[in-house]
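A quick write-up on the structure given underneath.
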Amino acid sequence: MTLRGGRLYYRPFARLPALWFCRLCLGPCGPHFNARGIALFTHIRVALKDYYHTGTPVPSTPTFARLMTRECREALPPRRILEVGPGAGPMTEQIVACLGDGDVFDVVEINADFARNLDRRFLGPARKRVPGATIRMFIDPIQTAALEGSYGFIVSSLPLNNFEPQEVREILARMKGLLAPGGHLSFFEYAGIRRIARPFKKKQDRRRLGDIGRVLTEFDRENGVKKRVCLLNFPPALKRSLQLKARS
């Protein structure tokens with residue numbers, strides 16, 4: 001209802017953009033709607049304090065989370081899965097739902113607020129539901145996390161465009177080094193974000209973004225990285241994925 005000139009006017013479509021945005025971020029209404037709403041506001045709260053490590057004011061949508069975790073969800077146990085920088089946990093939610101006996105699921109999250117939220121909402125309940133799975137949390141940067149062994153699946157939500165080019169090289173090298181032969185690595189960035197952001201950045205940041213672009217292009221070329229855009233995310237996201245060659 002809108003008040004104009006002393007009269008009330010009914011505007012049935014006034015809230016549609018807001019409702020569409022909530023539906024996109026939270027997924028369809030159902031038993032998980034309230035949990036996803038809590039995750040959304042947790043992400044916003046942490047992003048306001050630590051945008052450097054979050055990279056976006058809202059978490060990834062359920063649609064994009066399913067795309068990012070497709071390879072590990074479609075495989076059968078036992079699996080070794082590593083998630084890096086899960087934030088509020090949209091990818092974590094998809095992964096824990098498919099865990100079975102014999103699986104190993106390690107999570108690396110540098111932000112303590114996010115780590116507590118992840119343990120309370122996802123990891124703790126998953127440990128009770130699947131006692132035969134090994135589920136661990138590491139509150140460390142991926143470069144120094146004390147991880148053991150190799151992984152068949154690595155899913156990363158790290159905001160690489162926020163970091164220095166050398167950090168991006170180190171992160172990509174560490175994640176690739178943790179892959180088992182035949183293993184899958186998936187990470188992402190927002191589609192066209194460097195091109196969109198460059199006009200609004202200072203000269204130093206424009207140079208940094210350009211260098212990151214070259215690091216990613218080199219990594220893509222050397223590793224045969226495949227790309228796929230998901231428009232049902234805010235902002236639209238570009239999934240990058242590679243599969244390490246299996247031993248002959």
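The values are calculated or read from the model by the stated rules, or taken from the named source; none is laboratory data. Keep in mind it's a predicted model, so treat the numbers as computed, not measured. Heads up, the Cβs are rebuilt from the backbone with ideal geometry, glycines too, and the neighbour counts pull from every protein chain shown.
Results, tabulated for the structure shown:
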item	result
Residue tally, condition surrounded by fewer than 17 Cβ atoms within 10 Å (Cβ to Cβ), charged (D, E, K, R) and not in a loop (DSSP other than H, G, I, E, B), over region 120-152	4
Members of region 215-229 that are more than 14 Å from Ile193 (Cα to Cα) and either in contact with a strand residue (DSSP E or B) (Cβ under 9 Å, 6 or more places away or on another chain) or touching a residue at least 40 places away in the same chain (Cβ under 8 Å) (or both)	Val215, Phe219, Asp220, Asn223, Gly224, Val225, Lys226, Lys227, Arg228
Residues satisfying the stated conditions in region 229-248, i.e. modelled with pLDDT of 90 or more and within 23 Å of Leu178 (Cα to Cα)	Leu238, Lys239, Arg240, Ser241, Leu242, Gln243, Leu244, Lys245
Residue under evaluation Glu148, criteria (1) at pLDDT below 95; (2) of a type outside the set (A, V, I, L, M, F, W, C); (3) under 16 Å from the mean Cα position of the chain (by Cα), criterion not met	(3)
Residues being over 17 Å from Met91 (Cβ atoms) and surrounded by 18 or more Cβ atoms within 10 Å (Cβ to Cβ) - total across region 180-205	1
Total residues in region 221-248, condition surrounded by 14 or more Cβ atoms within 10 Å (Cβ to Cβ) and farther than 21 Å from Thr69 by Cβ	0
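Residue-by-condition table, conditions (1) over 27 Å from Asn233 (Cα atoms); (2) in a loop (DSSP other than H, G, I, E, B); (3) at pLDDT 95 or above:
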residue	(1), (2), (3)
Asp101	yes, yes, yes
Val155	no, no, yes
Gln166	yes, no, yes
Glu170	yes, no, yes
Arg207	yes, no, no
